[in-house]
Structure formats: structure tokens, C-alpha cells
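Visitor: Take a look at the following structure, please.
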Amino acid sequence: MLKKVATDRAPAAIGPYSQGIIVDKMLFASGQIPIDPANGEITGENITQQAEQVMKNVGEILKAAGTGYENVVKTTCFLAEMADFAAFNAVYEKYFTEKPARSCVAVKQLPKDVLCEVEVIAYLG
């Protein structure tokens, strides 16, 4: 049985998708971009500022599902510029201290022309 995860403490979905879906003991969270859920605006002008907001948004979805960063088993990270890799990692490693499996790729463009997006899969058991 599928259970939707929804919280107003993370940005609302901007398309036909859910913030997250729980299946059995696994959370599959949609990608988060640096939108401030309070006003719906992009936060930050550089990769460090935007990555901080992304991680906060991811954290709120994890919390809404009853878990935290320590139970994330896989992340997928999207960067607008691979040149931002080191600065992004400096923010990322503060949150994902358990070092989950990860993919990180540069893409041609991200929604709303942001600099990064992160999606996660977490174990809820």
C-alpha cells in the first residue's frame, strides 16, 4: 500500500507528483530544489546557499515521514555546473554524515534555473 508524504514545511509539489511516497518501510522522496516553503521563492544566489535550503527541505520531508538523514540509503544529486561539486559536497557532508550511496551528475538545466536538486530514498524500519 502506498502512503503519500506531505508537509507544508517543505515546498509544495510544482507538478503532478507527491513530495514523497512510502512503500512498506521505504521512503522515496521527490527531488527538492532551493525553494523557501514560507514564500515559494528561490533561496540563495550561490551553490552553498542553495544547497543549504535544499538540505533543509529534504530534512522536512524526512521528518514528515518519521525519519531523518541518518536513515537515507541513497541520494541522487543534480548540479547545474559540475564546477560547483566541491562547494556542494561541503554542504552535503554536514547533513549526510552516514555517507549513503549516491549519484551526482551535472545536467543541462534544473527547474526554475536553480543550481542543485537532491532526491533521497530512506529506510523507515
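Visitor: Return the unpartnered cysteines for the chain, using a Cβ-Cβ cut-off of under 4.7 Å.
Guide: If one checks each Cβ against the other cysteines of the chain, Cys116 turn up with nothing under 4.7 Å.
Visitor: Helix-derived [θ] at 222 nm for the chain: sum -39500 (n - 2.57) over DSSP H runs of at least 4, divide by residue count, nearest 500?
Guide: Helices in the chain give a 222 nm mean residue ellipticity of -7500 deg cm²/dmol.
Visitor: Which is the longest stretch in the chain that no exposed loop site breaks, taking sites as GluC sites (Glu not before Pro) with a DSSP loop state and at most 13 other Cβ atoms within 10 Å?
Guide: Excluding the exposed sites themselves, the longest stretch runs over 1-40.
Visitor: What's the local net charge at Pro34, with K and R +1, D and E -1, over the other residues with C-beta under 12 Å away?
Guide: Neighbour charge sum, excluding Pro34 itself: -4.
Visitor: Scanning the chain for trypsin sites (Lys or Arg not before Pro) in DSSP loops with at most 12 other Cβ atoms within 10 Å, what's the longest stretch left with none?
Guide: 26-107
Visitor: Give me Rg over Rh for segment 85-125, both radii from the alpha carbons and Rh done the Kirkwood way, two decimal places.
Guide: Answer for segment 85-125: 0.99.
Just so you know, all these numbers are worked out from the coordinates, no wet-lab data involved. Keep in mind it's a predicted model, so treat the numbers as computed, not measured. Backbone-built Cβ (ideal geometry, glycine too); neighbour counts: all protein chains shown.
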